[in-house]
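Asks: Questions regarding the structure given below will be posed in turn.
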Amino acid sequence: MKKAVRIGSGAGYSGDRIEPALELAEKGNIQYLVFECLAERTIALAQQAKLKDPEKGYDPLLVDRMEAVLRVCREKGIRIITNMGAANPIAGANKIAEVARARGIEGLKIAAITGDDVLEHLKGVDFPLMETGAPVSSLKNIVSANAYLGASPIVAALKENADVIITGRVADPALFLAPLIHEFGWSMEDWDLLGKGTVVGHLLECAGQITGGYFADPPVKNVAGLARLGFPIAEVSPDGSAIITKAENSGGKVTARTCKEQLLYEIHDPSRYLTPDVVADFSAVTITEIGPDRVQINGGRGRPKTDTLKVSVGHVEGHIGEGQISYAGPGALERGQLALDIVRERLSLAGVRTQELRFDLIGLDAIHGPARSMGVPREVRVRVAGRTDTAKEAARIGNEVETLYTNGPAGGGGATKATREVVAVASILISRDTATPKIHYLGV
């Protein structure tokens, strides 16, 4: 029987730290390094970047990450799997090849997986939105539609000896499930094994969250070494059981509590976690500490996959305009409230048209709403933000806040203003045969 496989999580989101991935490659004794960098809005933004430049649309840190780890991974035989292809996996693969050539790395086989982009299939079919039931045609300015692919095309690329696999929209756990299917020869219809592998993928997909990053909450939950937080490793056995650990002497910690929090993260129904590969059941998972920074995971299950795939539909939903300014010292609260009153009246007088508009005093009520009982703050920051149809209209909000510098009240400082386009995401379901994965190989 094949020995356990060690998989390292090199990133949990697009902007994640790079050093922990290099630490895993150098010291983690891993066979696979997975970078999970693609969120729902991230791919919509990537599609916009691709529309502006056909050679863009991959993750902005792709080159930096590959420059950091590619040579070490090549020397140690570590295979890389990542969804940093975002909206343009082929362009991303070309960039990886450029990095390899610049560093004199030869014999590298790169696979780019496409087929998740189903935007063309939305034309003429009014799919209902999962969130509201309204037709997808009710969305204005649709910029992207990407289906969540499963592990199968990654497994196929691994069988063809790809050293680096770069994808677009693939379900997060599938990035980690694929090497387990490949290494252990699991059937794509062994639902319990796929369920167990999905548990492992879900635990690893957010990287430093499970090693204490998102767990830390002093003084109740203290975690040492967060500035040098180590990212997780799963040591997975052929039966699907796993040990979660991290690189020796790295910061953070792996405990039963960190693993339990991550297991429940972003889960609606633990007994029915829908993925493209399997309907996973987390309800019987057991989590046991077996040593310092070593946690045993057992008990995942699964049921047959659904007939449909989820699609994230990105659409432009107007613009946000925002202005901020600070007040400090005696009377800061009263001056901040006066500032809000002035801007509220000014926006009304100027006829600024907004779909949403809010007025906050950061430090008093910006998150929890009106303060019920607290001391008078010595400093507050005024924030006015609104959503509008156009960037020009949005800019008027920040402009009115900035004019508080000289138009009262006294002592305002640090004013900022900004506008940004709002890219929102909605979801639909499509038939599986609508999305056809394709594998493109590139050699160096």
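Asks: Limited to the range 286-298, what total is found for residues that are in a loop (DSSP other than H, G, I, E, B) and free of Cβ contacts under 8 Å to residues at least 24 places away in the same chain? Please lay out each step first, then the result.
Replies: Within the range 286-298, the subset in a loop (DSSP other than H, G, I, E, B) is 292-293.
From what is left, the residues that are free of Cβ contacts under 8 Å to residues at least 24 places away in the same chain are 292.
Matching residues across the range 286-298 total 1.
Asks: So, restricting to helices (runs of 4 or more DSSP H) that lie completely within the range 1-77, which ones have at least 1 residues that are aliphatic (A, V, I, L, M) and over 27 Å from residue 116 (Cβ atoms)?
Replies: Values: elements: 19-27, 40-52, 62-76.
Output list reads 19-27, 62-76.
Asks: If we scan the range 108-115, do we find a residue that is small (Gly, Ala, Ser), in the same structural domain as residue 241 (by TED's automatic domain parsing), in a helix (DSSP H, G or I) and out of contact with any Pro (no Cβ under 7 Å at 6 or more places or on another chain)?
Replies: Taking every residue of the range 108-115 in turn, none turns out to be small (Gly, Ala, Ser), in the same structural domain as residue 241 (by TED's automatic domain parsing), in a helix (DSSP H, G or I) and out of contact with any Pro (no Cβ under 7 Å at 6 or more places or on another chain).
Asks: Let me ask something else about it. Tell me which of these residue 224 doesn't satisfy, since it passes every other one: (1) buried (at least 24 other Cβ atoms within 10 Å of the Cβ); (2) without any contact (Cβ under 8 Å) to a residue 40 or more places away in the chain.
Replies: (1)
Asks: Right, here's the next one. Determine, yes or no, whether residue 107 is loosely packed, with under 15 Cβ neighbours inside 10 Å and at positive phi. Working first, answer last.
Replies: Values: loosely packed, with under 15 Cβ neighbours inside 10 Å: yes; at positive phi: yes.
When the stated conditions are applied, residue 107 passes them.
Asks: Moving to a separate point now. Please verify whether the range 188-208 includes one or more residues that are over 21 Å from residue 297 (Cα atoms) and either surrounded by fewer than 22 Cβ atoms within 10 Å (Cβ to Cβ) or at pLDDT 95 or above (or both).
Replies: The answer is yes, given that some residue of the range 188-208 is over 21 Å from residue 297 (Cα atoms) and either surrounded by fewer than 22 Cβ atoms within 10 Å (Cβ to Cβ) or at pLDDT 95 or above (or both).
Asks: Output the residues belonging to the range 227-247 that are buried (at least 20 other Cβ atoms within 10 Å of the Cβ) and over 16 Å from residue 293 (Cβ atoms).
Replies: Within the range 227-247, 236, 240 meet the criteria.
Asks: For the range 334-360, what are the residues that are aliphatic (A, V, I, L, M), under 38 Å from the mean Cα position of the chain (by Cα) and more than 15 Å from residue 404 (Cα to Cα)? Steps first, answer last, please.
Replies: We begin by selecting, within the range 334-360, every residue aliphatic (A, V, I, L, M); these are 338-340, 342-343, 347, 349-350, 352, 357.
Now narrow it down to the ones that are under 38 Å from the mean Cα position of the chain (by Cα): 339-340, 343, 347, 352, 357.
Selection gives 352, 357.
Asks: Kindly list, by first and then second residue, each pair from a residue in the range 159-174 that is in a loop (DSSP other than H, G, I, E, B) to a residue that is of a type in the set (Phe, Trp, Tyr), limited to pairs with Cβ atoms under 6 Å and residues at least 6 apart or on different chains.
Replies: Pairs that qualify, where the first residue is in a loop (DSSP other than H, G, I, E, B) and the partner is of a type in the set (Phe, Trp, Tyr), are 169/148; 171/148.
For (1) in contact with a Gly (Cβ under 8 Å, 6 or more places away or on another chain); (2) small (Gly, Ala, Ser); (3) farther than 21 Å from residue 160 by Cα; (4) surrounded by 16 or more Cβ atoms within 10 Å (Cβ to Cβ), each residue gets a yes or a no:
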position	(1), (2), (3), (4)
5	no, no, no, yes
22	no, no, yes, yes
34	yes, no, no, yes
43	yes, no, yes, yes
46	yes, yes, yes, yes
59	yes, no, yes, yes
68	no, yes, yes, yes
73	no, no, no, yes
77	no, yes, no, no
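Asks: Output the number of the condition that residue 183 fails; it satisfies all remaining conditions of (1) crowded, with 24+ Cβ neighbours inside 10 Å; (2) on the phi < 0 side of the Ramachandran plot.
Replies: Every listed condition holds for residue 183 apart from (1).
The values are calculated or read from the model by the stated rules, or taken from the named source; none is laboratory data. Note that this is a predicted model, so its numbers are computed, not measured. So basically every Cβ, Gly included, is an ideal-geometry build from the backbone, and we count neighbours across all protein chains shown.
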